[in-house]
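After the structure tokens below, expect a handful of questions from me.
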Amino acid sequence: MEYKITHNEAENRFETKIKGATALVDYIQQGQRIDITHTFVPSELEGQGIAGALTKAILDYASENGLKVNPICPYTEVYIKRHPEYQHLVG
């Protein structure tokens with residue numbers, strides 16, 4: 001399933017709103033590096049691939065903008081291990 005994911009730069013997060021609930025990935029950008037700090041999906045939305053879609057969006061953003069990624073969030077760390085095409089971003 002595809003989700004409408006927006007980059008909320010004011011809040012330093014990528015987010016999607018579904019059925020009135022917000023799922024998100026928080027980050028802190030420092031120069032050419034993004035620290036991905038937290039992934040949150042409301043319990044009523046779990047199991048639908050939303051966290052993966054959000055994580056893919058932020059990693060694609062990093063790749064498109066020449067940024068390195070520090071996966072502080074455990075979900076992001078596991079996602080990168082399962083998707084080696086993003087391994088080059090870690091640094």
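Please enumerate the residues belonging to segment 64-75 that are open to solvent by 60 Å² or more (accessible area, probe 1.4 Å) and either among the polar types (S, T, N, Q) or assigned to a helix (DSSP H, G or I) (or both).
Correct list: 64, 65, 74, 75.
I've got another one for you. Any residue in segment 71-85 that is over 23 Å from residue 30 (Cα atoms) sitting within a Cβ distance under 7 Å of a residue that is open to solvent by less than 90 Å² (accessible area, probe 1.4 Å)? List the pairs, counting only those 6 or more apart or interchain.
none
Based on this model, can you work out whether residue 78 counts as aliphatic (A, V, I, L, M), surrounded by fewer than 20 Cβ atoms within 10 Å (Cβ to Cβ), in contact with a Lys or Arg (Cβ under 8 Å, 6 or more places away or on another chain) and more than 18 Å from residue 6 (Cα to Cα)?
Considered against the rule, which asks whether it is aliphatic (A, V, I, L, M), surrounded by fewer than 20 Cβ atoms within 10 Å (Cβ to Cβ), in contact with a Lys or Arg (Cβ under 8 Å, 6 or more places away or on another chain) and more than 18 Å from residue 6 (Cα to Cα), residue 78 comes out as no.
Would you confirm whether or not segment 29-38 contains a residue that is surrounded by fewer than 17 Cβ atoms within 10 Å (Cβ to Cβ) and in contact with a helix residue (DSSP H, G or I) (Cβ under 8 Å, 6 or more places away or on another chain)?
Among the residues of segment 29-38, not one is surrounded by fewer than 17 Cβ atoms within 10 Å (Cβ to Cβ) and in contact with a helix residue (DSSP H, G or I) (Cβ under 8 Å, 6 or more places away or on another chain), which makes the answer no.
Report the residue count in segment 1-28 for those that are in a loop (DSSP other than H, G, I, E, B) and either of a type in the set (D, E, K, R) or surrounded by 13 or more Cβ atoms within 10 Å (Cβ to Cβ) (or both).
Selection size over segment 1-28: 6.
The values are calculated or read from the model by the stated rules, or taken from the named source; none is laboratory data. As the structure is a prediction and not an experimental result, all values here were calculated from the model. Note: ideal-geometry Cβ built from the backbone for every residue, glycine included; neighbour counts use all protein chains shown. We work out accessible area using only protein heavy atoms, side chains counted, and drop any ligands, DNA or RNA first. Shrake-Rupley method; radii C 1.70, N 1.55, O 1.52, S 1.80 Å.
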